[in-house]
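Some notes on the structure that comes next.
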Amino acid sequence: MKRPKVTSAPAPAGITASSPLEDANIQPRSFVKRRSLLKGMGAVATALPITTALAPRAMADGNELTRGDIAILRFLSAAEQIETDLWEQYTELGGTQDSEESGAGGGNALYMAALEILDEDMPQYIHDNTDDEQSHVAFLNAYLRSKYAPGVDLSPFRRLKGSTAQGAVNKLRITNLMELTIDTAFWSRYRSVTNPDFDPAARFSLAVPSLNKGQHTAIPRDDNDTKGSSISSNNPMTLTPFLQAIAFTAGFHFAWIEQGGTSLYATLAQQVTSLEVLRILISIGGSEVMHFQTWQDKAGNALPLTNVVDPRTGVLVSFNDLTQAKGETNPESTNGDVLQSNLIMPEPAHFISRDLPPVSIIRPSSPGKSGAMAAMRGFQNDGLFIGQKKDFLDFVFDLAQEADEARRQY
């Protein structure tokens, strides 16, 4: 894997701290009253005949969808729109710029250079991941409409200000990539024989412990965040430690986002009734697995950085060289300590029954541990919804609850 040589320059200083966004700490209701598919739809659902919407099953071309199938597809449409929104922000600044991504702002060359420390193909991968998520949204909503069921449109919740750095498009967002708290336990979970389905209290080593403390930006917030870096053809490339830290934070966030999808689709697939809907979930879920495998491989190439300070917030972040990770190296460890960067294949773990031999699997996949509500709580804990208001949280958590309540009908 080619790594550009980088010389470090001092991090920029003297930037004034910004005030926190309003409603940053809103929590979802501990219990959300179950709503019908129509309640609260308003502008965020595709119009459909009332008689069709109230029918217990949606019918088209001889294929039946239960209410549960519809609830799962609607939730996944919303989840994919959340992912699409964040990936569009990443691709505007760090992805390959072409006609496929209409409205792209031309990219941010300095941020791209920092991302390319992880892999020289990072801009193309970011572009393609964005394209994949956009296709998931378009397909899920079109499929729902083809079955005379309501799609979902989260565009009324575009209310967050995004980056103003070179390359960013001036428009409102659904998600916030500038105040993230990233749980990197996924890194060692897949390198351990422990399956959270059997041991929900299991604790796994964090690949980057400092990302789980404080709030970190994964994109340049403005041009001050790239100040002091240079990629002039006349001089050696110079990227400040802070800009490198932003890019490495993004690298681990990419993997964090996509590992959630691997478990989410595997879990919800067990709750659908229609074989066609099952086909959709295992097929889209397979692409999420491919995304996760790619991103965890690239994140492991982060260069070591120690106590890099965000000049605006004062938060610290450090990255260890995971290509030279020490510590637990026994592949049969139950400690989840194996941090070595190239151990990217899921270690065999117990599945279905402890009486059966370990098997390499996606995990967790038990309903209730990795379902829709767990996914939304993960998004919220990650900081993606900082700045959103209660109406948005109520809406997406209602969709999540309805999806989790779906049961396969025999």
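Subtracting the Cα-Cα distance of Thr181 and Lys161 from 0.36 nm times their residue separation leaves 5.3 nm of extension gain. On the beta carbon distance between Asp121 and Asp394, with R0 = 41 Å, the FRET formula returns roughly 0.55. A Förster radius of 25 Å, combined with the Cβ-Cβ distance separating Gln270 from Asp297, puts the computed FRET efficiency at roughly 0.35.
Across region 129-165, the residues whose backbone nitrogen lies under 18 Å from the label position 7 Å along the beta-carbon direction of Arg279 are 136, 139-148.
Close amide-amide hydrogen proximity is noted between Leu180 and His216, Thr217, Ala218, each under 5 Å apart and 5 or more residues distant or on a separate chain (H modeled in the peptide plane; Pro and chain starts excluded). Under 5 Å between amide hydrogens, built in the peptide plane, is the criterion, and for Phe319 it picks out Leu305, Thr306, Asn307 among residues at least 5 positions away or on other chains. Sort region 139-240 into rounded, prolate or oblate with this rule: let a ≥ b ≥ c be the square roots of the eigenvalues of the Cα gyration tensor; rounded if a/c is under 1.5, and if a/c is not under 1.5, prolate when a/b is larger than b/c, oblate otherwise. Oblate is the answer for region 139-240, as a/c is 1.5 or above yet b/c matches or exceeds a/b. Taking each residue as 0.36 nm, the span from Glu405 to Asp199 lengthens on full extension beyond its C-alpha to C-alpha distance by 71.9 nm.
Quick note: the coordinates plus some simple rules give every number you see, no bench work behind them. Computed from a predicted structure; not experimentally measured. Every residue, glycine among them, receives a Cβ derived from its backbone with ideal geometry; neighbour counts consider all protein chains shown.
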